[in-house]
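Asker: Quick one: this structure, given as structure tokens, is what I'll be asking you about.
The values are calculated or read from the model by the stated rules, or taken from the named source; none is laboratory data. Because the structure is predicted, anything quoted here is derived from the model rather than measured. Every residue, glycine among them, receives a Cβ derived from its backbone with ideal geometry; neighbour counts consider all protein chains shown.
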Amino acid sequence: MIKLESVIVREEKKPAGATGIAPVLACREYIFVGISGLFLLLSWAGRVKEVIGFDPAWFTIIVCGLPIIRGAFAGLFLKWDDKAGLLVSIALIAAAATGEYFAAGEVAWIMALGELLENRTVAKTRQGIRNLAGLVPRTAWLDDGGRLVEVPAGEVKAGDVIVVKPGENIPVDGVVISGRSAVNEAALTGESMPVDKMPGSQVFTGTANLFGALKIRSVRAGEDTALAGVIRLVDQVERQKSPAVRAADRWASRLVPAVLSIALLVYLVTGDLVRAVTILVVFCPCALVLATPTAVMAAVGNAAGKGILIKSGDAIESAGRVDLVVFDKTGTLTGGKPEVTEVRGFSGASEEEVLCFAAAAEKYSEHPLAKAIVAEAYGRGLEVDDPDNFTALPGAGVRALFKGAAILVGDRKAVIEQGIVMSEEQESYRQLQEQEGKTTVFLVVGQQLIGAIAMADSVKSGVDAAVGELQRLGIREVWLLTGDNEKAAGAVAEKMGIAHYLAGQKPEDKMSVVLKLKEKGRRVAMVGDGINDAAALAAADVGMVMGAGANDLVAGAGNVVLFSDDPGRVPRLIELGKRTLKVINQGIFLSILINTGAVVLASLGFIGPVAGALVHNAGSVFVVASAGRLLFYRLK
């Protein structure tokens, strides 16, 4: 089983924001905040103080305030960390020292309430991701020489054969070796429609088998599966802070001496200690510090529900700044498997005759082109009979004996070596297909060339729409990099509406192109799916790994994984990144505006510590709530 204990424990015990009150509010946040709020109300009722002999606000100060003070001064003296918690602590101490117990309690209580709301927002953003762990079945049916044995799913190893019954979740990443069914992959890829599975199809952990029984050979099990990779991404997001968050912390560090200086200046000019205390209360940059992490985590949660897993907070912000997108071709924008595009008969042969003879000859071949021919024949409802014998010609084609006739299916070179002279019509057909980036194989029966079959790597649906969406989002250029030949690359680029392309690119060439684009000041996103894209993915500002099967790349090169083969995920991520930056900037602007206005009012004596605490912390709560909007943002 995938081990989530470390992630869950860290989540329950992690610091809850900038001020460090989590040790007190770790498991009973609502109870502590509720009781502290009740004592604060009792403090507001003056008669209660007379009856019990002390101000009930002290309970709130101790329960909610002491952890803030302890964390702030520990950070100051142990790490020389003078962030927002130090200002809050100084404000608490100053308010209590001047007899403003209610104001001190209010500061502590509202800070606790704000962090409680932040925790709820963060927890909600990650709940959908954590629920993925529950999709892994606890047991699996192991095929032990034809006998089904129920074993713990964690004991299944790569190479084992398991059986998944209808209605069960799949416990491994693997390949179907027998059986047919439809599998719901929505939890992992975000695709709403079930995907048909048959022998040779890939299946993934946590997806639901809907109808027939499937016999699966395990390829990756336990913590090597795609779903385990998702959970590791969650762990990394939990432990990583966005650079913008660190920038806010540095801003807060510079703010501490400035605020102390302003408070001291106001006290020296006015002689009013209450005004100085109020400035300390209102000028705490909590809203600023909360603006980025809450927005980033909300965006991560939104993306996770759409099959987009983000490895770090920096990635979603970088995605919002991208102005150039580079795509790999094979496997990223194309299916990576050839498909028959046209069947041509010569010398009076029909398309069906050509396809039947070619499919029979290729039936036992493992070559991708052979599989495409057989699949096309089945797709047209044709019967594919067995050949009488079969011989593979490596790099050329196949020979077979079918219905008493010698058959050759191969390329132009194999045909010529057979001693056959191609006609002008046949040669022109081959050249035309080659100009369109297609591969052509010929069918020879006896000594007569009677047909040709053109094949090409299938372009994924929605590529042209995705390119159009990128342009709508302000992406200035879209590039295509491929190891294919110039004609194939040009044909695909034209079909996809991509103006810039480079062919014959090796892995180091792709990386070099990305680096050169960055040197020109471009913000580059690289989208790829294979090991040959790893260097370019790592070099880009945002590396997007497409497809759940490419999970091995995620930990090293890409900082975003698109658990779907849909190229439309790319503009969705960039759109979400732009929206996230907008929400972050709104939060920062709002926090600065509130703090500045409150300081002016405090300096002029219009508000005191109690009102200042209310205004300031209300701004923090509003910033967190504003970031939470990203949870429900609908991508176009």
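Asker: Taking helices (runs of 4 or more DSSP H) that do not extend beyond the range 268-323, which have at least 2 residues that are closer than 28 Å to I607 by Cβ and at pLDDT 80 or above?
Answerer: 273-282
Asker: Kindly list the number of the only condition in (1) within 24 Å of T330 (Cβ to Cβ); (2) of a type outside the set (V, I, T); (3) modelled with pLDDT under 90 that fails for A414.
Answerer: The number of the failed condition is (1).
Asker: Is it true that some residue in the range 445-455 is assigned to a helix (DSSP H, G or I) and either out of contact with any helix residue (DSSP H, G or I) (no Cβ under 6 Å at 6 or more places or on another chain) or more than 29 Å from V514 (Cα to Cα) (or both)?
Answerer: The answer is no, given that none of the residues of the range 445-455 is assigned to a helix (DSSP H, G or I) and either out of contact with any helix residue (DSSP H, G or I) (no Cβ under 6 Å at 6 or more places or on another chain) or more than 29 Å from V514 (Cα to Cα) (or both).
Asker: Considering each of R430, R472, R523 in turn, give the residue that is farther than 25 Å from I310 by Cβ, basic (K, R) and touching a Lys or Arg at 6+ places or on another chain (Cβ under 9 Å).
Answerer: The unique qualifying residue is R430.
Asker: Hey, does the range 472-490 have a residue that's farther than 11 Å from G437 by Cα, part of a helix (DSSP H, G or I) and under 23 Å from the mean Cα position of the chain (by Cα)?
Answerer: yes
Asker: Then there's this: Taking into account only those residues within the range 392-437 that are touching a residue at least 12 places away in the same chain (Cβ under 8 Å) and among the β-branched types (V, I, T), which is surrounded by the most Cβ atoms within 10 Å (Cβ to Cβ)?
Answerer: For the range 392-437, the residue satisfying everything is V409.
Condition check ((1) under 30 Å from T294 (Cα atoms); (2) surrounded by fewer than 23 Cβ atoms within 10 Å (Cβ to Cβ); (3) of a type in the set (D, E); (4) out of contact with any Gly (no Cβ under 9 Å at 6 or more places or on another chain)) across all residues:
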| residue | (1), (2), (3), (4) |
| --- | --- |
| V325 | yes, no, no, yes |
| G348 | no, yes, no, yes |
| L355 | no, no, no, no |
| A360 | no, no, no, yes |
| A375 | no, yes, no, yes |
| L382 | no, yes, no, yes |
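Asker: Among the residues of the range 497-507, is there at least one that is modelled with pLDDT of 80 or more and part of a helix (DSSP H, G or I)?
Answerer: No.
Asker: Sticking with this structure for a sec: I'd like the full set of residues that are out of contact with any strand residue (DSSP E or B) (no Cβ under 8 Å at 6 or more places or on another chain) and not in a loop (DSSP other than H, G, I, E, B), limited to the range 377-410. So that I can check it myself, show each step before the final result.
Answerer: Going residue by residue through the range 377-410, those that are out of contact with any strand residue (DSSP E or B) (no Cβ under 8 Å at 6 or more places or on another chain) are 377-384, 386, 394-395, 402-404.
Answer for the range 377-410, where residues must be out of contact with any strand residue (DSSP E or B) (no Cβ under 8 Å at 6 or more places or on another chain) and not in a loop (DSSP other than H, G, I, E, B): A377, Y378, G379, F402.
Asker: Search the range 330-346 for residues being buried (at least 21 other Cβ atoms within 10 Å of the Cβ) and within 30 Å of K578 (Cβ to Cβ), and hand back the single one that is modelled with the lowest pLDDT.
Answerer: G331
Asker: Which of (1) crowded, with 22+ Cβ neighbours inside 10 Å; (2) more than 23 Å from T334 (Cα to Cα); (3) modelled with pLDDT under 90; (4) under 13 Å from the mean Cα position of the chain (by Cα) is the odd one out, the single condition L576 does not satisfy?
Answerer: (3)
Asker: Anything in the range 443-461 that is surrounded by fewer than 15 Cβ atoms within 10 Å (Cβ to Cβ) and touching a residue at least 40 places away in the same chain (Cβ under 8 Å)? List them, or say none. If you could, list the steps in order and put the result at the bottom.
Answerer: Of all residues in the range 443-461, those surrounded by fewer than 15 Cβ atoms within 10 Å (Cβ to Cβ) come to 446-448, 461.
Answer for the range 443-461, where residues must be surrounded by fewer than 15 Cβ atoms within 10 Å (Cβ to Cβ) and touching a residue at least 40 places away in the same chain (Cβ under 8 Å): G446, Q448.
Asker: If you don't mind, another one. Of all residues in the range 299-332, how many are in contact with a Phe, Trp or Tyr (Cβ under 7 Å, 6 or more places away or on another chain) and polar (S, T, N, Q)?
Answerer: Qualifying residue count for the region: 1.
Asker: Turning to a different aspect of this structure: With respect to F327, is the statement that it is assigned to a helix (DSSP H, G or I) and modelled with pLDDT of 90 or more true?
Answerer: Considered against the rule, which asks whether it is assigned to a helix (DSSP H, G or I) and modelled with pLDDT of 90 or more, F327 comes out as no.
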